[in-house]
1. Evaluate the following for residue 180: is it over 30 Å from residue 306 (Cβ atoms), without any contact (Cβ under 8 Å) to a residue 40 or more places away in the chain and not assigned by TED's automatic domain parsing to the domain that holds residue 296?
2. Scan the range 129-156 for residues that are within 18 Å of residue 219 (Cβ to Cβ) and either without any contact (Cβ under 8 Å) to a residue 24 or more places away in the chain or surrounded by 18 or more Cβ atoms within 10 Å (Cβ to Cβ) (or both) and jot them down.
3. In the set 256, 220, which member is surrounded by 18 or more Cβ atoms within 10 Å (Cβ to Cβ) and assigned to a helix (DSSP H, G or I)?
4. Report, ordered by the first and then the second residue, all pairs with beta carbons closer than 8 Å, sequence separation of six or more or different chains, a first member in the range 268-283 that is touching a residue at least 60 places away in the same chain (Cβ under 8 Å), and a second member that is surrounded by fewer than 16 Cβ atoms within 10 Å (Cβ to Cβ).
5. Mind counting the residues in the range 425-443 that are part of a helix (DSSP H, G or I) and surrounded by 14 or more Cβ atoms within 10 Å (Cβ to Cβ)?
6. Which one of these does residue 396 not meet: (1) without any contact (Cβ under 8 Å) to a residue 24 or more places away in the chain; (2) touching a helix residue (DSSP H, G or I) at 6+ places or on another chain (Cβ under 9 Å)?
7. Among the candidates 44, 10, 50, 85, single out the residue that is outside any helix (DSSP H, G or I), more than 28 Å from residue 297 (Cβ to Cβ) and either more than 22 Å from the chain's Cα centre (by Cα) or modelled with pLDDT of 95 or more (or both).
């Protein structure tokens, strides 16, 4: 592939809100496709709607992409800064007779639409100002918009990498506005000019933009520019098949970060929403880049399922580097900073039980707990006289244990249970109450070992000597 044909993709969000799941997946697909082909992935902030665009939303988009690891090649492009170039192209189309000035008022256009509705037709502009031979409507001093002179016969064909060949009859299109009466360009024009000037070769976006593709292809043709390869991906639905909304978990990417999902797990799960590689469900980002292709994107809407996301996240936590997880856990509970060594030893146990990062901090909290250990209501009932007698007896045996390893502790306690005809389920809750205070922790043998002999015996003593 020559440099001129190098694949270039882009993610072009409007900064009017957070980076939602659908947008994040679109960004991921563009990023993965570019990385797979050794191409470029660009970011364009489509902020031409100055009234609705906010710096807060821009920051949320940039932060979300950074957290997901979807770094763009080069600085972000801000669409509003390209407005002079957009106007230049409109003037070119006017000069070539491919666009025209429309002096119809909003009231007149609305009347046209009402008339079309009454006749059972799609509401549309009727072409009143469209040049007809030498006849050109002009109203001196009146405000005007500039409309594209759309072809009225034949059809426009889109060769879509996901949807296949999509033909649309040109008679369905009215003459869309390129330049508003205040001199600002519309989205439909701006996106075409920017994509062309940025060298975008592939436009991967949601299929809600499919209806725009034919109109855009017409403008590309009018300008004599090559049409990029379109790939319109199905939207994401909720687990119930309905359009994804907040009740399904359609939150901003930063919310998933704050809930304790790993970025690599989010990349994995988002990739599987509409794309597949055989039966592979859990994979690394390197594998995603190696495998990704547009031909494996399905045509049906994907379904967002939090339980499946949790499952993927749990597996990625299990695969993650222990040192990284220790740092994440301490960040969630800074009281654990002084217990980095036992936390490191505990991490293989903790991550095997965790679904999200906060689970690690919750399960590890016992390491930094201060004596006397508080006991939750669920375990309090186990601290009865009989159980405390056994607790004291076992504490004596543990105190005499020279090998303070998990296996030695387990062997000693099981021997005591056998000698006294006790079931493990009877005394383990007592130990959990004395050592942890809640049911949320690794196994008791591991807890005893990780706490160390002195601290473990001190916690036990607090309970049977009270």
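1. yes
2. Residues satisfying the conditions are 130, 145, 146, 147, 148, 149, 150, 152, 153, 154, 155, 156.
3. 256
4. 274/298; 275/296; 275/298
5. 10
6. So residue 396 meets the others, but not (2).
7. 50
For (1) crowded, with 22+ Cβ neighbours inside 10 Å; (2) touching a residue at least 40 places away in the same chain (Cβ under 8 Å); (3) closer than 22 Å to residue 287 by Cβ, each residue gets a yes or a no:
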position	(1), (2), (3)
12	yes, yes, no
25	yes, yes, yes
30	yes, yes, yes
35	no, yes, yes
43	yes, no, no
50	no, no, no
54	no, no, no
65	yes, yes, yes
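The values are calculated or read from the model by the stated rules, or taken from the named source; none is laboratory data. This is a predicted model, so every value here is computed, not measured. All Cβ positions, even for glycine, are placed from backbone atoms using ideal geometry, and neighbour counts span all protein chains on display.
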